[in-house]
Amino acid sequence: MYEEYPGFPLPRILDGFLFGLLGLYDLWIETGDRASLQLFTDGLSGFRHTIEFWNYRNRWTWYGSHRYLCPPKYHEPQSRAGRISGAIDERLDSAALCGELGSGTIEPSRARRVFWSFC
C-alpha cells in the first residue's frame, strides 16, 4: 500500500493511493521500466486485499482511516480510478468500491441517507 502523505496512524487516503497507483502504471507503459511495473503490481495486490477497508455499504467510499465519508468531489474520481484499476486487473472487484452512486443508479432516498451522514 502506498500513502498520500506520511504519518501515524497511517492515513490510508484512497484518492492519493489510487492516483499514485495509476501513475505507476502510466510510467511503466511509457518507459517500460520493470521496477515501475513491480511497484504497480505490488500496489494492485495490496489494493485487492484491502479494498473493503474503503467500502461504505456498497454505496460510497470512506476517505481514509479517519472513518469519515468522502465528499462527492472525491468519491467521483475515486470511483473512476477504481473502475480503471478493475479494468487493468480483472481480479480486483472494484464494483463494490465504486458503489451505486458512482454508477449513477442509486435511488434518491438511498442517496439522501448517504448525504445525511455529512451533516
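The values are calculated or read from the model by the stated rules, or taken from the named source; none is laboratory data. Everything quoted here is computed from the prediction, not taken from an experiment. Cβ atoms come from the backbone with ideal geometry, glycine included; neighbour counts cover every protein chain shown.
The set of residues in the stretch 11-38 that are closer than 23 Å to Glu52 by Cβ and either of a type outside the set (Gly, Ala, Ser) or at pLDDT 95 or above (or both) comprises Pro11, Arg12, Ile13, Leu14, Asp15, Phe17, Leu18, Phe19, Leu21, Leu22, Leu24, Tyr25. Among the residues of the stretch 14-29, those identified as without any contact (Cβ under 8 Å) to a residue 60 or more places away in the chain and either touching an Asp or Glu at 6+ places or on another chain (Cβ under 8 Å) or within 13 Å of Thr61 (Cβ to Cβ) (or both) are Gly16, Phe17, Gly20, Leu27. Within the stretch 42-58, one or more residues are touching a Cys at 6+ places or on another chain (Cβ under 9 Å) and assigned to a strand (DSSP E or B). Note on the stretch 1-10: among residues that are out of contact with any helix residue (DSSP H, G or I) (no Cβ under 8 Å at 6 or more places or on another chain) and at pLDDT below 80, the one that is farthest from Phe40 (Cα to Cα) is Gly7. The requirement of being in contact with a strand residue (DSSP E or B) (Cβ under 9 Å, 6 or more places away or on another chain) and at pLDDT 80 or above is satisfied by Phe53.
Among the residues of the stretch 21-60, the ones that are within 16 Å of Asp89 (Cβ to Cβ) and surrounded by 16 or more Cβ atoms within 10 Å (Cβ to Cβ) come to 13 in all.
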